Amino acid sequence: MTVTEETTTSGPGYKWVGTRPIRPDGLDKVTGKARFGADLALPGMLEGAVLRSPHAHARIVSIDTRAAAAMPGVKAIVTGADFPDPAELGGRPDEEMVAANIIARDKVLYEGHVVAAVAATSRKQAQRAAAAIEVEYQPLEHVLTVDEAMADDAPLLHPDLKTRGMDPAPEEPSNIASRISHERGDLDKGFAEADLVVERTFTTKPVHQGYIEPHAAVADAGENGRATIWCSSQGHFAMRTMTATVLGWEPSKLKVIPAEIGGGFGGKTVIYLEPLAVALSAKSGRPVRLVMDRDEVFRASGPTSGTKIRVKVGVTNDGQLTAAEAWMAYEAGAYPGSPVGAGGMTILAPYDIPNFSVEGFDVVVNKPKVAAYRAPGAPMAAFALESVLDELAAGIGMDPVELRLRNAAVEGTQASYGPKFPRIGFVETLEAIRDHDHYRAPLGPNQGRGVASGFWFNAGMNSSATVHVNEDGTMTVVVGTPDIGGSRASMGLMAAEEMGIDVAKIQSIVADTETVGFNDVTGGSRVTLATGAAVVEACRSIKADLRARAAKTWDCDIEEVEWVDGQAQHAGGGETPLSLQALARKSGRTGGPISATASLNARGVGAAFSTQVCDVEVDPETGEVTILRFTTAQDAGTAIHPSYVEGQMQGGVVQGIGWALNEEYIHDRDGRMENPGFLDYRIPVASDLPMIDTVVVEVPNPAHPYGVRGVGEVGIVPPLAAVANAIAAATGCRLVDLPMSPPRVLAAITGKADG
Amino acid sequence: MDYLSPVSVEEATTMLSQTPDARVFAGATDVIPQLRAGRPEPQALVDLKGIERLMALSQSDGSWTIGAAVPTVRLTESAELRAEFPGLVEAVGLIGSDQIQSRCSLGGNLCNASPAADSVPAMIVNGMRAVVASGSGTRTVPVADIVTGPGSTSLAQGEFVVEFELDRPPANTGDAYLRMTPRTEMDIAIVGASARLTLDDGVCTAATIALGAVAPTAVRVPDAEAALVGRPIDDEALAAVAAAASEACNPIDDKRGTIAYRRQVAGVLARRAVATAAERASGRETGEHRDGASQ
Amino acid sequence: MTRTHITCTINGDEVEFLCDQDETLLDALRDEVGLTGVKEGCGTGDCGACSVLLDGRVTCACLVFAPEVDGTTMVTVEGLAEAGQLHPLQQCFLEGAALQCGVCTPGFLVAAKALLDRNPDPTETEVRYALAGNLCRCTGYDKIIRAVLDAAADMQTATNGGSTAATTA
């Protein structure tokens, strides 16, 4: 087996950036000391349980909590009536939706929708009490797919929901929350110029982020109208804002302390348990811990959208894409907010296509409200487009990488979603795959090779960081973006590079909402970029301060002091250099403690591209697909800590493989999930996979001090199509419905043989 | 729920007679998830692992005796058992992860009465017998007669399996078990197929074939067996096996697979299992397994 | 309900605790003994995050009733390092970046220890199958598998007095 790992050499003469030190939080995580969401226990703490709807769609006629409240050990019960009416929050419609999703009032909109929550002296007793709450439901007709929800006579989830983005605006309500569109050029002319046009319709099922740590929250509400929440999330400031909204509190009344987070992938950018825990704590006067079971995670958190996407693309015989048309409908779950907007913006983004039209719909269905999942909306879109490109390449007899190269977006290309691309590395990822050994390796019988590419915007948003110089000459970097994949290590490396000191002398921590300035969530692959930029900026302030102190010590002008290799040097060489440690030790005599904060709204986001190649073997008699080999090339900008860059690339690929092959939400006719556990919701296991070979392409982002683009998300965009294209090569069958599970693959093979 | 831990068969039968709403368990790998999923709680849980006889694994000249609660890891670690019954050991080794293998047992895998239980077709083709205890003594029952449908068995209230008897195979005999799962591990069979053959100079003198996950219980496939006996194992015989196996299915559509898929793949796996069993019976098999468990 | 008194050995120490008769070992270890390094990912034996060594066998603590462990010997992730010295697996996980979020890590380390205890020189395929009961959603398993192979090589080298080359790739 080939197990190459390739990393292009890092940056222009960096000493620390591009190295692979042990991460600062690593020791606690290999010894069991790290505290995740469910690991905190407070004195006097109660345990909670949540009562959830067994119906996909029903009116709540009545809730009777009297029997439950009378049970021994039961200290508090809350229902929708204990929270402000979302409609009266005075906020934006999406805030109302968040609130309504946390606990139902008059209607439940999906199986798993919260109806009540209980706090008791033990978890078991809380569960018993929750089961003893009597709820009378009046079941309503439900819709589970975009086809059902968009039908003319479909039952409505929200009687007042009228489609946004339509001209003219509709008068009647529907399950279509919004319509998006992008157009350019002349579609008819474009298709007329094509020598080959392929049109296909693709479907994907909802899939879950599948983080191993279930959601957990501990809340302790005081007598003073304030509360403290400990929870694992991708952004404790966002948890604070959203929780306050649902409770009708001012955000500053809440303090949120981040626990270590056991995976998120976008699914922990939203709240579920936090307002319930605060309300139960306020009512009982004691700390309350709420932890989801795995089946609650599946039924009531995440997932991402099931989709239906129709794509039509035209190409000339010499490989010029002339026109593309896409129609996309994404399930939002019970409340509006599917990532169809991002799906529509990303579907054509890698390519320079003169004529196109993209139309998308955000459709509510009686399933859990979708949450972000790694490059939200993009993988399904890329599955459709990249499958069609594969067919076009085969149809005109062109190598599929060559077809992509001929149409690839480059610096200056006007992206399909609007702006002109700055320097990007898409072509470099295509060339990396084209030139890789893997791309030329021989294949055996029943084996096939597929390639696909993907795009993701990456995000900037708001970050704050504070840097302290400790009295022993070490430094503490304080950030407010939870570390879900090694970002503390990256922060340390950038600070070490900036300060010229050993990374081992830098401790990076994630601080609570009262200890560091505001930070947006860890999401959008933005932390190394945006929080990293804040850390660098703070370090630069510190360096200026240190130079000023050295100048004071030497009684010279600050311009005569340089900061080199972790110490202040006099330009003239007339003074003994002052190390960081020396300056720290005398800080009390040179102006006091040395500390700096930087807060910024990150600009200059660098778009990310990935190209991947996958080999499969298909058992023609059972439909079983084995991933034989997988190589992913991704533009990281600069790999600050290459091991964690590779890790993000590999993790994204494997989630994509799971999505491609076996993962899906299965609902019965009543809208109840049939596979809410890791036995039947089949995420890949170690024995399903080969090593995932990585090629880290580094086309630095000119807008970041170290060239960072962000690496967390784009890796999940290509695998769905890469696997589908490989299966098509192995079997001659084009699969358009995910997952490509053995029964589906065998049916395709059998159908082809019969047809 | 009370936790009870008898140390003898007699003590266990007494406990069970005194507590009608008791549930026996060995590895608990099915019991705990079922309770968690909302199955009604019994009054008592009776842990059978404290009874020496249920935890014993022994062989005599003529047969093996496998305690009903012996964790399957002890079976997969037994080179002697694997040498004589590679297919049985393969099947047993597929019941869950290493973590599950440390706990799960043949008795549990059988009496949980899942149609998809991996060990059951392999036990059936090898003619295994269950020794069943109750307050009135013990009786010996073919494994094939224990499971009566999904989740139900022929065991009376208060009865439990003590051990299994497995006759050592005649010369030139081989067995095999194959299953289809979407993942390589941690999965429930969509189809399972077990075969055992005895050959005499290339001609099949005895054949047993059983399928799992394609009917309410594991099923024997007499038509496939009849298609083999008295013949060499050639392509024609294998095709007949596949056709008979597909025909023997009485499957359902469920979240794990469709009727059509199960029928089609049952034939494929039965054919492949017969081919592997024949290779083993003729001593041509390499003994390599993909999980490298055959040290 | 009367609580049951349990005496057992955990990570080399004699430990006593009280538990409910139908409590799982996972809940007992976390809530009664305070060993929160043992994680709950599913509660049904499907993810391996709660893996412990129970009398030397790797087991999901969520699938054991706490009263069963009276008189047994257990090892959890908290017991892998000895006298402040990390186990080679822990060291290789750190050096090889074999963890991202880290919540599955305790279970992987315990299961990998069980593997190396019985098979000190496993192949990549053997490692993959031995760890198939442990789910990781962050890493795609690549660096975990490499770390286990590296640890096996390091331990072989140590055992053989440095005569075995520590290569895995």
| Say we look at the stretch A:620-666 and pick out the residues that are of a type in the set (D, E, K, R) and over 21 Å from residue B:256 (Cα atoms); which of these is surrounded by the most Cβ atoms within 10 Å (Cβ to Cβ)? | A:646
| message | Between B:239, B:266, which is more than 18 Å from residue B:122 (Cα to Cα) and in contact (Cβ under 8 Å) with a residue 12 or more places away in the chain? | response | B:239
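For residues that are within 7 Å of another protein chain (Cβ to nearest Cβ) and either in contact with a Cys (Cβ under 9 Å, 6 or more places away or on another chain) or surrounded by fewer than 24 Cβ atoms within 10 Å (Cβ to Cβ) (or both), tally how many sit in the stretch C:93-102. Step through it out loud before you land on a result.
To start, the set of residues in the stretch C:93-102 that are within 7 Å of another protein chain (Cβ to nearest Cβ) comprises C:93-95, C:97, C:99-102.
Now drop any that are not either in contact with a Cys (Cβ under 9 Å, 6 or more places away or on another chain) or surrounded by fewer than 24 Cβ atoms within 10 Å (Cβ to Cβ) (or both), which leaves C:94-95, C:99-102.
Looking only at that region, the number is 6.
Could you check the stretch A:277-312 and list, in sequence order, the residues that are under 24 Å from residue A:80 (Cβ atoms), of a type in the set (D, E, K, R) and outside any strand (DSSP E or B)?
Hits for the stretch A:277-312 are A:283, A:286, A:293, A:295, A:296, A:299.
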| note | Those residues of the stretch A:689-699 which are more than 21 Å from the chain's Cα centre (by Cα) and either facing chain C (nearest Cβ under 8 Å) or free of Cβ contacts under 8 Å to residues at least 12 places away in the same chain (or both) amount to A:689, A:691
| said: Residues that are under 20 Å from the mean Cα position of the chain (by Cα), closer than 25 Å to residue A:17 by Cα, charged (D, E, K, R) and not in a strand (DSSP E or B): does the stretch A:632-646 have at least one? | reply: yes
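Which residue is farthest from the chain's Cα centre (by Cα), if the candidates are limited to the stretch C:103-114 and must be at the interface with another protein chain (Cβ under 8 Å from one of its Cβ atoms) and in contact (Cβ under 8 Å) with a residue 40 or more places away in the chain?
Here is the first cut: in the stretch C:103-114, the residues at the interface with another protein chain (Cβ under 8 Å from one of its Cβ atoms) are C:103-106, C:109, C:111, C:114.
Of the ones still in play, those that are also in contact (Cβ under 8 Å) with a residue 40 or more places away in the chain are C:103-104, C:106, C:111, C:114.
On the way: C:103: 12, C:104: 10, C:106: 6, C:111: 5, C:114: 7 Å.
So the residue we want is C:103.
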| Considering the stretch B:191-214 alone, what residues qualify as being more than 12 Å from residue B:249 (Cα to Cα) and within 15 Å of the chain's Cα centre (by Cα)? | B:194, B:195, B:196, B:208, B:209
| query | Out of A:182, A:158, which single residue is out of contact with any Pro (no Cβ under 9 Å at 6 or more places or on another chain) and in contact (Cβ under 8 Å) with a residue 12 or more places away in the chain? | reply | A:182
| field | Matching residues in the stretch B:25-45 - criterion: being within 17 Å of residue C:25 (Cα to Cα) and more than 10 Å from chain C (Cβ to nearest Cβ) | value | B:26
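State all residues of the stretch C:87-113 that are assigned to a loop (DSSP other than H, G, I, E, B), closer than 9 Å to residue A:29 by Cα and in contact with a Gly (Cβ under 6 Å, 6 or more places away or on another chain); if no residue qualifies, say none.
C:101, C:103
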| Which residues, counting only those in the stretch A:216-267, are acidic (Asp, Glu) and either in contact with a Phe, Trp or Tyr (Cβ under 8 Å, 6 or more places away or on another chain) or in a strand (DSSP E or B) (or both)? | A:220, A:260
| among the aliphatic types (A, V, I, L, M), touching a residue at least 12 places away in the same chain (Cβ under 8 Å) and more than 14 Å from chain C (Cβ to nearest Cβ), is that true of residue A:261? | no
| Options C:46, C:55; residue that is among the charged types (D, E, K, R), crowded, with 24+ Cβ neighbours inside 10 Å and not assigned by TED's automatic domain parsing to the domain that holds residue C:129 | C:46
| Subset of the stretch A:169-226 that is among the hydroxyl-bearing types (Ser, Thr, Tyr) and crowded, with 16+ Cβ neighbours inside 10 Å - its residue that is farthest from the chain's Cα centre (by Cα) | A:174
| Check on residue A:9, over 30 Å from residue A:107 (Cα atoms), modelled with pLDDT of 95 or more, among the polar types (S, T, N, Q) and not in a helix (DSSP H, G or I) | no
| note | The strands (runs of 3 or more DSSP E) lying entirely within the stretch A:504-574 that contain at least 3 residues which are within 26 Å of the chain's Cα centre (by Cα), at pLDDT 95 or above and not aromatic (Phe, Trp, Tyr) are A:506-510
| note | If we keep only residues of the stretch A:13-42 that are among the aromatic types (Phe, Trp, Tyr) and more than 8 Å from chain C (Cβ to nearest Cβ), then the residue surrounded by the fewest Cβ atoms within 10 Å (Cβ to Cβ) is A:14
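Matching residues to (1) at pLDDT 95 or above; (2) within 14 Å of chain C (Cβ to nearest Cβ); (3) surrounded by fewer than 23 Cβ atoms within 10 Å (Cβ to Cβ); (4) over 23 Å from the mean Cα position of the chain (by Cα):
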{"residue": "B:216", "(1), (2), (3), (4)": "yes, no, yes, no"}
{"residue": "B:228", "(1), (2), (3), (4)": "yes, no, no, no"}
{"residue": "B:232", "(1), (2), (3), (4)": "yes, no, yes, yes"}
{"residue": "B:240", "(1), (2), (3), (4)": "yes, no, yes, yes"}
{"residue": "B:277", "(1), (2), (3), (4)": "yes, no, no, no"}
{"residue": "B:287", "(1), (2), (3), (4)": "no, no, yes, no"}
{"residue": "B:290", "(1), (2), (3), (4)": "no, yes, yes, no"}
{"residue": "B:294", "(1), (2), (3), (4)": "no, yes, yes, no"}
| note | Note on the stretch A:399-431: residues free of Cβ contacts under 8 Å to residues at least 60 places away in the same chain, among the β-branched types (Val, Ile, Thr) and touching a strand residue (DSSP E or B) at 6+ places or on another chain (Cβ under 6 Å) are A:427
| remark: Given (1) part of a loop (DSSP other than H, G, I, E, B); (2) more than 20 Å from residue A:281 (Cβ to Cβ), residue A:96 misses just (1)
| said: Suppose we filter the stretch A:44-62 for residues that are surrounded by 15 or more Cβ atoms within 10 Å (Cβ to Cβ) and within 30 Å of residue A:145 (Cβ to Cβ); how many remain? | reply: 10
| request: Might you let me know whether the stretch A:719-738 holds any residue that is within 14 Å of chain C (Cβ to nearest Cβ), of a type outside the set (A, V, I, L, M) and under 20 Å from the mean Cα position of the chain (by Cα)? | output: yes
| request: For the stretch C:72-92, indicate whether the set of residues that are farther than 20 Å from residue C:147 by Cα, in contact with a strand residue (DSSP E or B) (Cβ under 9 Å, 6 or more places away or on another chain) and within 12 Å of chain A (Cβ to nearest Cβ) is non-empty. | output: yes
| Do we have any residue at all in the stretch A:627-641 that's within 14 Å of chain C (Cβ to nearest Cβ), closer than 25 Å to residue A:205 by Cβ and touching a Phe, Trp or Tyr at 6+ places or on another chain (Cβ under 6 Å)? | no
| note | Apart from one, (1) touching a residue at least 60 places away in the same chain (Cβ under 8 Å); (2) assigned to a loop (DSSP other than H, G, I, E, B); (3) in contact with a Pro (Cβ under 8 Å, 6 or more places away or on another chain) all hold for residue A:213; the odd one out is (3)
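The values are calculated or read from the model by the stated rules, or taken from the named source; none is laboratory data. Worth saying up front: this structure is predicted, and the values here are computed from it rather than measured. Neighbour counts are summed over all protein chains in view; Cβ atoms, including those assigned to glycine, are modelled from backbone coordinates with ideal geometry.
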